[in-house]
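Everything on this sheet refers to the single structure shown next.
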Amino acid sequence: MDKILLDSGSTAWMIVATMLVLLMSIPGIALFYGGLVRQKNVLSLVMQTLLLVGAISIIWVAFGYSWVFGTSFMESGNPLGFLIGGFDKSFLCGIGLDAIMPTGIPELIFVMFQCMFAIITPALILGAFAERIKFSGYMVFIILWVILAYLPMAHWVWGGGFLQEMGAIDFAGGTVVHINAGIAALVMAVMLGKREDYRLGHPITPHNIMLVFMGASFLWLGWFGFNAGSGLAADGLAANALLVTHIAAATATITWMLMDYIVNKKCTTVGACTGAVAGLVAITPAAGSTDLLGAFLIGIITPIICFCMVAWVKPKFKYDDALDAFGVHGIGGVIGSILTGVFATQAITGEGGLQGALYGDWHQLWVQVLTTVIAIVYSAVITFVLYKVVDKTVGLRVDKRVEEEGLDIYEHGEAAYNR
């Protein structure tokens with residue numbers, strides 16, 4: 001077997017892509033969510049994000065990467081191979097400087113690139129329970145959630161698990177990242193209960209919309225690494241992923257603005273930023289299989305449905321998804337995963353590659369639907385169980401007084417703005 005040679009161009013691109021994905025968490029999510037909450041709680045979002053970057057990075061190199069991409073359990077027939085790959089790559093055992101991936105990049109870069117996905121996924125959940133969760137309870141819950149929900153799901157879809165073998169298309173994280181996090185967000189929002197001052201018809205005003213805009217901008221920029229980097233090479237597939245990612249986001253931004261104007265007679269900055277994120281979420285699983293037509297249509301369909309979830313469905317069912325983590329990431333992920341089964345085309349996947357219902361392959365659509373359902377059920381069950389366990393042991397909801405006066409001072413002993 002010929003030795004795989006290092007591709008310096010792809011290696012350089014993947015280093016940049018890795019940094020772009022980290023940009024999505026810090027500062028992207030921290031600013032986006034931080035701007036949406038009230039001034040007294042902004043640092044709680046920052047601290048929750050920083051915890052993830054530190055803790056999940058350590059877990060990832062210790063055993064997370066091995067659980068997702070290891071092969072020892074699968075090759076030996078160990079029943080645990082259904083959930084995880086094995087422990088053969090724990091602490092990156094056997095991964096030296098000369099370990100090269102099929103696309104010509106060092107495996108160490110692939111380790112870091114995937115680490116950023118493990119960080120950003122739980123960060124998306126934060127918006128659902130913002131302004132009312134104890135930092136200690138959050139710390140225990142979110143670490144266990146990554147271990148028990150994210151790692152198995154990533155193994156199933158990307159690490160040779162049964163969903164990958166079934167032919168599911170998830171180029172950059174529609175199921176593993178967005179559905180997984182979005183469903184967990186909904187379960188947590190419902191189980192934790194509403195904020196004390198949450199009132200239907202009286203939205204809680206964001207404390208700094210400029211932070212929201214800055215966070216959304218970092219997310220849009222970082223998403224180029226998120227999607228265009230997922231092909232692990234600097235090639236035509238990366239170029240197409242870059243194109244469709246931007247066009248879907250641009251189309252979704254304009255679509256949300258139009259919905260905002262039709263319903264509220266105003267185009268809002270928060271609405272436009274939310275629309276952009278919805279488009280970015282939905283194109284994520286399809287970025288490696290759809291063309292410009294799919295990008296336009298995904299960018300139109302997704303924000304309309306997400307807008308309806310945020311504006312009408314959430315008030316109807318009276319759950320307090322504080323920053324619409326479920327309404328945007330969960331629903332956007334579901335739409336994107338299913339529409340991948342519609343718009344996937346061999347013009348992108350190559351001759352003999354997978355394609356969607358629009359091009360005659362209805363089987364792929366049903367594979368995407370089944371994958372979506374499995375992701376929803378698994379994430380919901382794991383999150384529900386973890387909530388019960390952590391709430392009974394450590395506790396998850398802050399005291400009423402803490403919630404009233406702000407998590408920043410009571411939980412972290414700091415204020416974001418000092419006069």
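Hey, can you tell me all the residues within the stretch 139-154 that are open to solvent by less than 10 Å² (accessible area, probe 1.4 Å) and farther than 20 Å from residue 340 by Cα?
We begin by selecting, within the stretch 139-154, every residue open to solvent by less than 10 Å² (accessible area, probe 1.4 Å); these are 141-142, 145-146, 149-154.
Answer for the stretch 139-154, where residues must be open to solvent by less than 10 Å² (accessible area, probe 1.4 Å) and farther than 20 Å from residue 340 by Cα: 141, 142, 145, 146, 149, 150, 151, 152.
The set of residues from the stretch 101-113 being open to solvent by 10 Å² or more (accessible area, probe 1.4 Å), assigned to a loop (DSSP other than H, G, I, E, B) and in contact with a helix residue (DSSP H, G or I) (Cβ under 8 Å, 6 or more places away or on another chain) comprises 101, 103. Could you say whether any residue in the stretch 40-58 is free of Cβ contacts under 8 Å to residues at least 40 places away in the same chain, out of contact with any strand residue (DSSP E or B) (no Cβ under 7 Å at 6 or more places or on another chain), on the phi > 0 side of the Ramachandran plot and open to solvent by 60 Å² or more (accessible area, probe 1.4 Å)? No, the stretch 40-58 has no match at all. Of note, residue 207 does not satisfy the criterion of being under 16 Å from the mean Cα position of the chain (by Cα) and either crowded, with 24+ Cβ neighbours inside 10 Å or in a loop (DSSP other than H, G, I, E, B) (or both).
Listed residues 386, 370; which is farther than 24 Å from residue 165 by Cβ, modelled with pLDDT of 95 or more and not hydroxyl-bearing (Ser, Thr, Tyr)?
386
Please indicate, with yes or no, whether at least one residue in the stretch 393-401 is over 23 Å from the mean Cα position of the chain (by Cα), within 27 Å of residue 185 (Cβ to Cβ), modelled with pLDDT of 95 or more and hydroxyl-bearing (Ser, Thr, Tyr). Yes, because at least one residue in the stretch 393-401 is over 23 Å from the mean Cα position of the chain (by Cα), within 27 Å of residue 185 (Cβ to Cβ), modelled with pLDDT of 95 or more and hydroxyl-bearing (Ser, Thr, Tyr).
Taking residue 334, is it open to solvent by less than 20 Å² (accessible area, probe 1.4 Å), within 20 Å of residue 173 (Cβ to Cβ), of a type in the set (A, V, I, L, M) and touching a residue at least 60 places away in the same chain (Cβ under 8 Å)?
Working: open to solvent by less than 20 Å² (accessible area, probe 1.4 Å): no; within 20 Å of residue 173 (Cβ to Cβ): yes; of a type in the set (A, V, I, L, M): yes; touching a residue at least 60 places away in the same chain (Cβ under 8 Å): yes.
When the stated conditions are applied, residue 334 does not pass them.
Being surrounded by fewer than 19 Cβ atoms within 10 Å (Cβ to Cβ), among the charged types (D, E, K, R) and over 20 Å from the mean Cα position of the chain (by Cα): is that true of residue 3 here? When the stated conditions are applied, residue 3 passes them.
Number of residues in the stretch 394-419 that are within 16 Å of residue 193 (Cα to Cα) and surrounded by 12 or more Cβ atoms within 10 Å (Cβ to Cβ): the value is 7. Within the stretch 350-363, which residues are closer than 13 Å to residue 169 by Cα and open to solvent by 50 Å² or more (accessible area, probe 1.4 Å)? The answer is 354, 363. Residues in the stretch 114-138 that are open to solvent by 10 Å² or more (accessible area, probe 1.4 Å) and either aromatic (Phe, Trp, Tyr) or closer than 14 Å to residue 188 by Cβ (or both): 2 in all.
Taking each residue of the stretch 258-277 that is outside any helix (DSSP H, G or I) and looking for partners that are hydroxyl-bearing (Ser, Thr, Tyr) and surrounded by fewer than 21 Cβ atoms within 10 Å (Cβ to Cβ) with beta-carbon atoms closer than 8 Å, six or more apart or interchain, yields 267/261. Restricting attention to the stretch 247-265, the residues that are surrounded by fewer than 23 Cβ atoms within 10 Å (Cβ to Cβ) and within 18 Å of residue 213 (Cβ to Cβ) add up to 4. A single member of 127, 28, 94 is modelled with pLDDT under 95 and under 30 Å from residue 207 (Cβ atoms), and it is 127.
Filtering the stretch 169-202 to residues that are of a type outside the set (A, V, I, L, M) and open to solvent by 10 Å² or more (accessible area, probe 1.4 Å) leaves 170, 171, 193, 194, 195, 196, 197, 198, 199, 201, 202.
Reported count of residues in the stretch 282-307, each being within 18 Å of residue 179 (Cβ to Cβ) and outside any loop (DSSP other than H, G, I, E, B), is 8. Scanning the stretch 337-346 for residues that are open to solvent by 10 Å² or more (accessible area, probe 1.4 Å) and farther than 14 Å from residue 287 by Cβ yields 338, 342, 346.
Can you confirm whether the stretch 162-179 contains a residue that is over 30 Å from residue 15 (Cα atoms) and of a type outside the set (D, E, K, R)? Explain how you work it out, then say what you get.
Looking only at the stretch 162-179, we keep the residues that are over 30 Å from residue 15 (Cα atoms), and these are 166.
After this cut, where a residue has to be of a type outside the set (D, E, K, R) as well, the list is 166.
Yes: one or more hits.
Are any of the residues in the stretch 364-386 surrounded by fewer than 18 Cβ atoms within 10 Å (Cβ to Cβ), touching a residue at least 60 places away in the same chain (Cβ under 8 Å) and within 28 Å of residue 301 (Cβ to Cβ)? Steps first, please.
Step one: of the stretch 364-386, the residues surrounded by fewer than 18 Cβ atoms within 10 Å (Cβ to Cβ) are 366, 369-370, 373, 377, 380-381, 384-385.
This time we only want the ones that are touching a residue at least 60 places away in the same chain (Cβ under 8 Å), so: 370, 380, 384.
Imposing the further condition that a residue be within 28 Å of residue 301 (Cβ to Cβ) reduces the set to 370, 380.
Among the residues of the stretch 364-386, at least one is surrounded by fewer than 18 Cβ atoms within 10 Å (Cβ to Cβ), touching a residue at least 60 places away in the same chain (Cβ under 8 Å) and within 28 Å of residue 301 (Cβ to Cβ), which makes the answer yes.
Within the stretch 6-24, the set of residues being of a type in the set (A, V, I, L, M), under 13 Å from residue 106 (Cα atoms) and open to solvent by 60 Å² or more (accessible area, probe 1.4 Å) comprises 6, 15.
The values are calculated or read from the model by the stated rules, or taken from the named source; none is laboratory data. All of these numbers come straight from a predicted model, not from anything done at the bench. As a convention, Cβ positions derive from the backbone with ideal geometry for all residues, glycine included, and neighbour counts pool all protein chains shown. These accessible areas exclude ligands, DNA and RNA; they are computed on the full protein's heavy atoms, side chains included. Shrake-Rupley method; radii C 1.70, N 1.55, O 1.52, S 1.80 Å.
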